[in-house]
1. I need every pair where a residue in the range 96-107 that is outside any strand (DSSP E or B) has its Cβ under 6 Å from the Cβ of a residue that is of a type in the set (V, I, T) and surrounded by 19 or more Cβ atoms within 10 Å (Cβ to Cβ), sequence separation at least 6 or different chains.
2. Check the range 111-118 and report whether any residue there is surrounded by 16 or more Cβ atoms within 10 Å (Cβ to Cβ) and at pLDDT below 90.
3. Would the range 143-150 turn up any residue that is small (G, A, S), assigned to a strand (DSSP E or B), in contact with a helix residue (DSSP H, G or I) (Cβ under 9 Å, 6 or more places away or on another chain) and surrounded by fewer than 18 Cβ atoms within 10 Å (Cβ to Cβ)?
4. Here is a list of conditions, (1) at pLDDT below 85; (2) within 20 Å of F148 (Cα to Cα); (3) over 15 Å from the mean Cα position of the chain (by Cα), and H41 meets all of them except one; can you say which number that is?
5. With respect to G154, is the statement that it is within 17 Å of the chain's Cα centre (by Cα), surrounded by fewer than 17 Cβ atoms within 10 Å (Cβ to Cβ) and in contact (Cβ under 8 Å) with a residue 60 or more places away in the chain true?
6. Taking the range 114-145 as the region of interest, how many residues are out of contact with any strand residue (DSSP E or B) (no Cβ under 7 Å at 6 or more places or on another chain) and among the charged types (D, E, K, R)?
Amino acid sequence: MGAERWYSVSIFIPKDFPIENNRLVLAQWWAKTKTQLGEVHRSPILHLRFAEGRLAILLRRYSEKVVHDDQAFVQTNLYSTRFELGKWHDFVFHVKWSPDNDGFIQAWNDGEKIVDFKGSTENQDEVGPVFKFGLYRDDSPKAYVAYFSDVFTGPTPESVYSNVRR
């Protein structure tokens with residue numbers, strides 16, 4: 001908590017990927033649940049979401065230090081766009097995890113800056129969130145297949161940029 005971190009992930013979603021209105025998370029930053037304090041499982045703080053052919057980057061924060069209702073969050077939509085399927089997309093994130101206004105989130109897609117957020121990025125936790133990637137979705141009879149590559153995290157831009165495909 002309070003530190004700056006860099007993250008990268010490359011994502012390929014095939015052209016025949018199911019396009020539906022279904023919760024589908026591609027990458028997420030997840031805070032540790034404080035079960036010892038009676039906290040409920042929370043939604044991810046920051047996540048890349050794909051639905052109806054659109055990619056969105058969402059920030060969710062809770063006003064309480066210990067969350068007892070997972071639906072009591074404030075959500076900020078940081079980015080949303082139509083997402084081109086059938087090609088690799090490189091994402092880089094630079095984040096300062098902080099419950100205070102000194103936090104920030106910067107994000108790039110294929111080298112273009114798409115997010116420049118300043119403000120609270122965390123939920124009054126002692127440690128920062130864990131980065132996870134993969135297909136996290138609601139039930140569907142359809143098969144979902146996506147590919148992930150170049151997943152890195154580190155304290156400097158060099159720790160991720162030196163590994164991202166150009």
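1. W97/T121; S98/T121; G103/T121
2. No: the range 111-118 contains no residue that is surrounded by 16 or more Cβ atoms within 10 Å (Cβ to Cβ) and at pLDDT below 90.
3. no
4. So H41 meets the others, but not (2).
5. Yes, satisfied.
6. Going through the range 114-145 one residue at a time, the tally reaches 6.
The values are calculated or read from the model by the stated rules, or taken from the named source; none is laboratory data. Here the structure is a predicted model, which is why all the values come from computation and not from measurement. Virtual Cβ from ideal backbone geometry, glycine too; neighbours counted across all protein chains shown.
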